[in-house]
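Heads up: the structure comes next, in structure tokens.
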């Protein structure tokens, strides 16, 4: 279940859907974290447009990029390639397979384009023992 949300930035992109926060997942299971966005009238994803997912480890103040879906470069996984995936059929969905304890973290999705950006939307992933 996902909650609709309308967060506007610069009268352009807006979040249409973000995952409920927090998200709970059993150790060893798979989870799909779905964000979705809405373009402003007349706006397109042509040119430079990318969706970026980051992970913040517990107690750390910085974010590490884990994946990007770019109009120019396609899908690139930066970290944990055996477990982190991007759903190429959806606009902004991060998939974590065979969840481990170190996946217990905050995740965020943000968007950058040649004309605008969209502030990150965060979700905390809580990994539960079986």
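Structure summary
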| quantity | calculated |
| --- | --- |
| Test: residue 24 is surrounded by fewer than 17 Cβ atoms within 10 Å (Cβ to Cβ), in a strand (DSSP E or B) and in contact (Cβ under 8 Å) with a residue 24 or more places away in the chain | yes |
| Listing of strands (runs of 3 or more DSSP E) fully contained in the stretch 89-128 that carry 2 or more residues being touching a residue at least 60 places away in the same chain (Cβ under 8 Å) and closer than 12 Å to residue 69 by Cβ | 92-96, 105-113 |
| Filter pass, residue 54 being more than 20 Å from residue 26 (Cα to Cα) and surrounded by fewer than 15 Cβ atoms within 10 Å (Cβ to Cβ) | no |
| Given (1) over 22 Å from residue 128 (Cβ atoms); (2) in a loop (DSSP other than H, G, I, E, B); (3) touching a strand residue (DSSP E or B) at 6+ places or on another chain (Cβ under 8 Å), number of the condition residue 36 does not satisfy | (2) |
| Filter result (within 21 Å of residue 18 (Cα to Cα) and either at pLDDT below 95 or assigned to a strand (DSSP E or B) (or both)) within the stretch 72-88 | 75, 77, 84, 85, 86, 88 |
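The values are calculated or read from the model by the stated rules, or taken from the named source; none is laboratory data. Given the structure is predicted, the values throughout are model-derived calculations rather than measurements. For neighbour counting, all protein chains shown are included, and Cβ atoms are generated from backbone atoms with ideal geometry for every residue, glycine included.
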